[in-house]
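Nothing in this text is a laboratory measurement; each read-out follows from the coordinates by a stated rule. These figures come from a predicted structure and were not determined experimentally. All Cβ positions, glycine included, derive from the backbone under ideal geometry; neighbour counts span all protein chains shown.
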Amino acid sequence: MYDIFSQNYSELYDSLYFDKNYENECDLIEQIINDYSSKKSKNILDLGCGTGNHSIRLARRGYKVTGIDKSLNMLDIAKNKLKNENIPVEFLHSDIRNYSLNQKYDIVLMMFAVLSYQITNDDLIKTLQNVREHLDENGILIADLWYGPAVLNLRPENRLKIFDHDDQKIVRISSGRLNLIEQTCEIRINLWKIQGSKIINEIEEKHTMRYFFPQELQLLFHFCDLKLIKIGKFPEFNIIPDENSWNCTIIAKPLKNSR
């Protein structure tokens, strides 16, 4: 795992994903909690919380939320959003592979493909073992990730996105390249800040993402004392993912008598 989300990129993050429907995703999270949690869940651990878009919305709905992220830039933005809020959420700087909070949580979240950023088996196992360590015996893990059958079928495309940020125009071009042996996709992102007719800043980032297959997930989770309960499309969770479902949602629970 490597450092990504530079300060310049982090500052543009919320504008870049202005059209992402976080409220609907929180509805999905609550639906899964209601359907799959055997207890009234109140505390949530949001791993890879970024700028806090899920954490803050869930805290507004009455959950007590702890968000963890490795990017100080993203966390600064998340904390600034709390200035006019009085809600039960805190943001902590740590690595999701090795944090230690000495607390159990009813729900652990890894949204927006956080698990797909764990590109090596070692990183995956450390992350999932730490999830198990912090998950209540009756708790559930909810995550979305890249679904291998669809990634191989659809293949990454070159994409162009133009959007406004303050008084500037932002142009984003992304391209992806698959590594079939490592089951990863290297995404190259170029961003240009334009004010009037002048380019005032250029940002380049590289994000490497891993895609997964169902039986691989079952084995990984079992190795980490977790049981994969369900895989569904994202965000249409009750539909079985297919070769056109780039993202899928997964639910896992602790294996009983594993500790």
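Details
- Centroid-to-centroid separation of the range 44-63 and the range 119-137 [C-alpha atoms, Å]: 20
- Rg over Rh, two decimals, the range 151-209 (C-alpha only, Kirkwood Rh): 1.11
- Peptides 65-76, 117-128, ordered by how many other C-beta atoms sit within 10 Å of their residues on average, highest first, read 65-76, 117-128.
- Seen from Asn43, the other residues with C-beta closer than 10 Å to its C-beta sum to a net charge of +1, counting Lys and Arg as +1 and Asp and Glu as -1.
- Formal net charge of residues neighbouring Pro235 (Cβ-Cβ distance under 13 Å; K, R +1; D, E -1): -4
- Given R0 = 45 Å, the distance between the Cβ atoms of Lys256 and Asn84 translates into a calculated FRET efficiency of 0.55.
- Working from Cα pairs under 8 Å separated by at least six residues, relative contact order for the range 151-209 is 26 percent.
- Taking other residues whose beta carbon is less than 12 angstrom from the beta carbon of Tyr63, and scoring Lys, Arg as +1 and Asp, Glu as -1, yields +3.
- Annotation: peptides 192-201, 149-158, 229-238, ranked by per-residue average of other Cβ atoms within 10 Å with the highest first, follow the order 229-238, 149-158, 192-201.
- Calculated Rg and Dmax of the Cα atoms in Å (choose from [x] 18.3, 64; [y] 19.6, 63; [z] 18.6, 59), label: [x]
- Distant alpha-carbon pairs in the range 9-153 (separation over 22 angstrom), percent: 38
- Order by protection proxy (mean Cβ within 10 Å, highest first), peptides 38-51, 214-227: 38-51, 214-227
- Per-residue [θ]222 nm for the chain (sum of -39500 (n - 2.57) over DSSP H runs n ≥ 4, rounded to 500): -8500 deg cm²/dmol
- For the chain, the longest principal axis of the alpha carbon atoms and the long axis of helix 214-223 meet at an angle near 60°.
- Rounded if a/c under 1.5, otherwise prolate or oblate - the range 1-66, Cα gyration tensor axes: prolate
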